[in-house]
Amino acid sequence: MGSIRGIKKRKKADNKDGQDASATSFDWWHHFSLRISGPLARSKNIEKFESVFKISRKTFNYICSLVEEDMVARASNFVDLNGNRLSLNDQVAVALRRLSSGESLSTIGDSFRMNQSTVSQVTWKFVETMEERGLHHLSWPSTEMEMEEIKSKFENIRGLSNCCGAIDSTHIMMTLPSVDALNSVWIDREKNCSMVLQAVVDPDLRFHDIVTGWPGSMSDEQVLRSSSLFKLAEEGKRLNGGKKTLPDGSVLREYIIGDTGFPLLPWLLTPFEGKGLSDIQVEFNKRIVETQMVAKKALARLKDMWKIIQGVMWKPDKHKLPRIVLVCCILHNIVMDMEDEVHNDMLSCHQHDSRYQDQTSEFADNTANIMREKLSLYLSGKMPT
């Protein structure tokens, strides 16, 4: 996983089996759905679990199994308005609805008949627990076999050999009090108040590294250079695996791809820029753009699935928001790891920062420039041997 600004790294939790949580019963959803009130109770297909939480029962049960030990161990007196104690499933349901719908605390409280403070506390308790217990679902590939599979899938998209990931950034909208002069750092280039999320994605739209918590005023390049990914790659501790020998004898190292907002580095290839590009360079750019689309789709799907980070967060805690974003990314990966059919039915979109103009980085490493030229020649079939 990458950098989460403002929090300490937590110990990676042991993986658990994907069996149903012990507290889950076949009739829990039936009784829970009968307690739903307000506009949600009148919505279409309210009797269907998937219409409320946008995940399958299988995935829900697995999430419950991940957090059960910690959430049950932390004794609480969470109750609804009738004084009924909230079960583990109740608490997970409340938190998932808050994260997936993005509805206000009062709306969630009205729907599930509980105080706003209870919704807030239950959600945060869930976020803290998932941050620790679910972190193994968001990690850099740990074996050569994993990475080779990722490389193969990337190559199948548009032929990019030895590609290990696609990187992109998106903005999480915020609303902060204007009276605080320190808040000006959160104003981005489009005059919105935002926080940046930067992610490295595989061809299956899974996140393998993220960095978040930095102000929206920072550029893609600045956020990248502030990340642990940058430090590890520059030190040769990441993207340092299998190399590919090209027909002319030159060596193609492992790399990720990004758009023009990122610097051209030996381990990060970006499109050619400028006027008068050759046909080979134009074709290479098309390959980069089409392949990098997986990162845009992943971020768009993240925001569509977990709407708490899609719209404007009203006066969010700048220290808590990065952890909420992290947990949403973990949940995004869990849904795919569970091969959730509900997730597979979602429309595919690549618009996640539609109001933002493309950025341009002026930095271009000479070694990376040579490598890019050779790769473009190789892909065009015109590389001399």
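Numerical summary
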read-out	value
Selection count where residues are farther than 19 Å from N192 by Cα, at pLDDT 65 or above and part of a loop (DSSP other than H, G, I, E, B), scope the stretch 335-359	3
Search result, residues across the stretch 74-84 that are open to solvent by 40 Å² or more (accessible area, probe 1.4 Å), modelled with pLDDT of 85 or more, among the hydrophobic types (A, V, I, L, M, F, W, C) and assigned to a loop (DSSP other than H, G, I, E, B)	L81
Neighbours by Cβ (under 9 Å, 6+ apart or cross-chain): first from the stretch 69-93, of a type in the set (V, I, T); second open to solvent by less than 80 Å² (accessible area, probe 1.4 Å) and at pLDDT below 90	V72/A23; V92/A21; V92/M71
Some residue of the stretch 138-146 being at pLDDT 95 or above and either under 27 Å from Q359 (Cβ atoms) or in contact with a Leu (Cβ under 6 Å, 6 or more places away or on another chain) (or both)	yes
Tally, over the stretch 198-222, of residues that are within 25 Å of I157 (Cα to Cα) and outside any loop (DSSP other than H, G, I, E, B)	9
Conditions (1) surrounded by fewer than 18 Cβ atoms within 10 Å (Cβ to Cβ); (2) more than 19 Å from L331 (Cα to Cα); number of the one not met by I108	(1)
Helices (runs of 4 or more DSSP H) wholly inside the stretch 27-73 containing at least 3 residues that are modelled with pLDDT under 85	38-41
Test: residue in the stretch 88-95 that is assigned to a helix (DSSP H, G or I), touching a helix residue (DSSP H, G or I) at 6+ places or on another chain (Cβ under 9 Å) and polar (S, T, N, Q)	yes
Number of positions in the stretch 289-312 that are open to solvent by less than 10 Å² (accessible area, probe 1.4 Å), polar (S, T, N, Q) and in contact with a helix residue (DSSP H, G or I) (Cβ under 8 Å, 6 or more places away or on another chain)	1
Residue that is nearest to H137 (Cα to Cα) [pool: residues in the stretch 189-233 that are among the acidic types (D, E) and surrounded by 22 or more Cβ atoms within 10 Å (Cβ to Cβ)]	D209
Residue list for the stretch 111-124, restricted to those being part of a loop (DSSP other than H, G, I, E, B) and open to solvent by less than 50 Å² (accessible area, probe 1.4 Å)	M114
Residues of the stretch 247-267 satisfying the condition of being assigned to a loop (DSSP other than H, G, I, E, B), closer than 14 Å to L375 by Cα, open to solvent by 10 Å² or more (accessible area, probe 1.4 Å) and not charged (D, E, K, R)	P247, G249, S250, P266
G236 at pLDDT below 95, small (G, A, S) and either open to solvent by less than 60 Å² (accessible area, probe 1.4 Å) or part of a loop (DSSP other than H, G, I, E, B) (or both)	no
Which numbered condition G216 fails, given (1) touching a His at 6+ places or on another chain (Cβ under 6 Å); (2) within 16 Å of P263 (Cβ to Cβ)	(2)
Some residue of the stretch 125-146 being over 16 Å from K320 (Cβ atoms), of a type in the set (G, A, S) and open to solvent by less than 10 Å² (accessible area, probe 1.4 Å)	yes
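The values are calculated or read from the model by the stated rules, or taken from the named source; none is laboratory data. Everything numeric in this text was worked out from a predicted model, so none of it was measured. A quick note on method: Cβ atoms are made from the backbone with ideal geometry, for glycine too, and the neighbour counts reach across all protein chains shown. Just the protein is used for accessible areas: all its heavy atoms, side chains included, with ligands, DNA and RNA removed. Shrake-Rupley method; radii C 1.70, N 1.55, O 1.52, S 1.80 Å.
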